[in-house]
Every structure is written in structure tokens, then in C-alpha cells.
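Participant: Input: one structure, supplied below.
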Amino acid sequence: MLETDGLYRYESQLPPNLSDQDLVLIHLFDGYIDAGGVNRGLRDYVLEQCEHERYVSFDIDQIHDYRSRRPMFIFDTNHLDSMIDFALVIYQVTDQAGKRFLLLTGPEPDHQWHRVSKAVFEICEVAGVKTLVTASGMPIAVPHTRPTLITQHSTDPQTISGNPMWIEKIQLPGSFSHFMEYQAGVLGLLASGYVAHVPHYLMQTRFPQAIAEVLAKINEFGELAIPVEKILERAVENLNTISEETNSDSDFPVLVQTLEEQYDRLQESGAASLPSAEEIGAVVERFLAEQEPPDYSR
């Protein structure tokens, strides 16, 4: 039997008036696919825009592989000045309307997935969490000049409508967020996720347009009021920057036009020349291999 004693500790208490509410838990982990910086960007934006405090901290030493993902140190002249350590934390967050929700974020656990998920669901039961939601970005052959498409997945497929035609079935290396969603379904909880289709040529840069789209979906799903104005402003600024930086590239407009035509055919007829499961799997594996070390300074 899995015991969770010693794996986590409470750092604050939820207000008592939340006992009759169904809280939403947003879970965003570093370490898996994060095309367009959707995962990290959403986490950073939520913590920047909303009041928050630590609710639960996990004992990172039990679940992290330091030789796989090493902490960063700042070396100054002749000494180690500071260290950016790892932390897996659940924050209690307050949205613009004063509604509380939880945000679980940090490095994806390297070990003990079953034990960590059991601990998370113990905390969910105490807090009154009934729904879970996550978001990610997937590198896809789509243009940045069109609205970002979102594919939703859920433990209750009947809650999904309007997904763009993408691919019916695919085998991918799983993430801890996938594991959490699957376990939530076993426990009878509603869990959902939103995958933003990020232009493959922007997969290593932050793409605010995709972050804004998944944030809108999460606000709707969780009946939350996380502010959207700033991320929409950044999306416009980012699109202008892309335009300025690619003006001198003679090949880029041709690429974008081709992707636009494919995108428009998909929207009009529900059919387009889409990559195969093998091609998508290869992109995912390559993307994982090219990931930059994440920032765990929060």
C-alpha cells in the first residue's frame, strides 16, 4: 500500500467559507512538451496576475532526479552567489472576482508517480476539489496568422465539442499531467486538458496567442475570472514582432501562405493534409530532446 506520510506539508489553510464550494485544480508541470511556452507561460501569467500563497509543498528530494535535471547556480567572480532550486507546490490563488482555485506547478516528478498522485488526490479531497484542468502546447504545421486551434481531452468525452479535426488515435510518451487526468477518471472526478496547436517554427519561443486561447478555455471550464487583458496585449505585440523579424526572409511568406491555405481548407471542409501519427511522434521526441532547461525559481 502506498503511504504518503512525509511527502508533503501544508503551508497555509483555505478559508473556512470554501467548504461548500467545488474548487478547481489547475496542474501545470515542467519537463514534458511545452511548445510555445504554453505551460510555463500560463503558470507565470496566473501567478503574476492573481494574488496567491503557498498551500502545500512537496518534498522534492523524494521525487526528483537531480542528475537528470540539475539545479542552476549563479557563480560570481570567486563564489557561488545563489542557487535556483526546484519546488513542487500547490498555490491557493484568487481570481479577479475573488474566487479561489488551486494551482499545482513545478517540475514533473521523476519518481513515484503513483504515490505523488495519491497525495495530490488526498489534498484534493480535503480541499473539496471536484475538477482538474491542464494545458499544453503541441508543435503543429499551422500558421501564426490564424486563430490558435485548441484540442480538448477529458475524462468525460461528452463534455467536449468543437474540437478541430486532427487525428483520431495516437500513441505518445505520457506526462504526469496525463497520469493525473487518467487517475482522476478512475476516481470519478472530472478532469480536462487543452492542447494548443502551436506553429512548429515557433515551438521554442513563447507564443502568447496560444496562452491566451487556453486561458480563455480554462476560465470557461472552471468558471474562473483570471484576467486576460495583459496576455491579449502581449499576443498582439508578439505578432507584430514576428512580422518585423521575418520581413527580410524571402522564404518565410511562402511557408506561411502554404500553412494558411491548409488551415483554411481544414476550417472549411474539416479535412486537410495532416501529419501522420509517426510524423507527430517524431516531432514530439525531437522536441523533448531539444527542451531548454526550465526556470524553477518560483
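Participant: For the condition over 20 Å from Gly106 (Cα atoms), in a loop (DSSP other than H, G, I, E, B) and not charged (D, E, K, R), what is the one hit in Gly174, Gly162, Gly185?
Facilitator: Result: Gly162 is the single residue among Gly174, Gly162, Gly185 that is over 20 Å from Gly106 (Cα atoms), in a loop (DSSP other than H, G, I, E, B) and not charged (D, E, K, R).
Participant: Is it the case, given these coordinates, that Asp81 is among the acidic types (Asp, Glu) and in contact (Cβ under 8 Å) with a residue 24 or more places away in the chain?
Facilitator: So Asp81 does not fit the description; no.
Participant: Pick from segment 75-85 the residues that are outside any loop (DSSP other than H, G, I, E, B) and open to solvent by 60 Å² or more (accessible area, probe 1.4 Å): which of them is nearest to Tyr55 (Cα to Cα)?
Facilitator: Met83
Participant: Kindly indicate whether any position in segment 221-228 is open to solvent by less than 20 Å² (accessible area, probe 1.4 Å), over 30 Å from Lys118 (Cβ atoms) and either assigned to a helix (DSSP H, G or I) or not polar (S, T, N, Q) (or both).
Facilitator: yes
Participant: Please go through segment 109-149 and pick out each residue that is open to solvent by less than 20 Å² (accessible area, probe 1.4 Å) and of a type in the set (Val, Ile, Thr).
Facilitator: Val116, Val120, Ile123, Val129, Val133, Thr134, Ile140, Val142, Thr148
Participant: Give me a count of the residues in segment 188-204 that are under 21 Å from Glu108 (Cβ atoms) and either of a type in the set (S, T, N, Q) or without any contact (Cβ under 8 Å) to a residue 12 or more places away in the chain (or both).
Facilitator: Total meeting the criteria: 2.
Participant: Next question, about the same structure. Residues in segment 93-107: is at least one closer than 27 Å to Ala210 by Cα and aromatic (Phe, Trp, Tyr)?
Facilitator: Keep residues of segment 93-107 that are closer than 27 Å to Ala210 by Cα, which gives 93-107.
Remaining after also requiring aromatic (Phe, Trp, Tyr): 101.
So far as segment 93-107 goes, yes, one or more of its residues are closer than 27 Å to Ala210 by Cα and aromatic (Phe, Trp, Tyr).
Participant: Let me ask something additional. Output the number of residues of segment 89-122 satisfying the condition of being part of a strand (DSSP E or B) and aliphatic (A, V, I, L, M).
Facilitator: 6
Participant: Counting just the residues of segment 130-147 that are of a type in the set (Val, Ile, Thr) and at pLDDT 95 or above, which one comes out farthest from the chain's Cα centre (by Cα)?
Facilitator: Thr131
Residue by residue, here is whether (1) among the hydroxyl-bearing types (Ser, Thr, Tyr); (2) under 25 Å from the mean Cα position of the chain (by Cα); (3) surrounded by 12 or more Cβ atoms within 10 Å (Cβ to Cβ); (4) in a loop (DSSP other than H, G, I, E, B) holds:
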residue: Gly6; (1), (2), (3), (4): no, no, no, yes
residue: Leu14; (1), (2), (3), (4): no, yes, yes, yes
residue: Phe29; (1), (2), (3), (4): no, yes, yes, no
residue: Arg54; (1), (2), (3), (4): no, yes, yes, no
residue: Ala87; (1), (2), (3), (4): no, yes, yes, yes
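The values are calculated or read from the model by the stated rules, or taken from the named source; none is laboratory data. For clarity, every value in this text was computed on a predicted model and none was experimentally measured. We place every Cβ from the backbone using ideal geometry, glycine too, and count neighbours over all the protein chains shown. Ligands, DNA and RNA are excluded from the accessible area calculation, which covers all protein heavy atoms including side chains. Shrake-Rupley method; radii C 1.70, N 1.55, O 1.52, S 1.80 Å.
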